[in-house]
Amino acid sequence: MQALKDLKMERPTAEQLDELKRLSALARVPDESEIETSKEEAETRIRDLKDKARME
């Protein structure tokens with residue numbers, strides 16, 4: 001359980017933040033990469049933006 005909490009608290013990687021910025025531009029939404037607080041949240045947002053970009 002503690003390992004799961006530690007994973008959630010880990011900051012997003014530079015690669016994740018770069019991907020968020022790129023996908024935000026593709027999906028035509030504001031770049032919110034600076035407010036992501038964990039790797040898990042960043043992965044969820046990346047997945048959502050990929051889906052949105054496909055629909056555009």
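What follows is calculated from the coordinates using simple rules that are stated; it is not laboratory data. This is a predicted model, so every value here is computed, not measured.
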Once the in-chain neighbours fewer than 8 apart are removed, the aspartates and glutamates whose Cα is under 15 Å from residue 39 read 6, 10, 15, 18, 19, 48
Net lengthening on full extension, residue 18/residue 43 (0.36 nm per residue, minus Cα-Cα): 7.8 nm
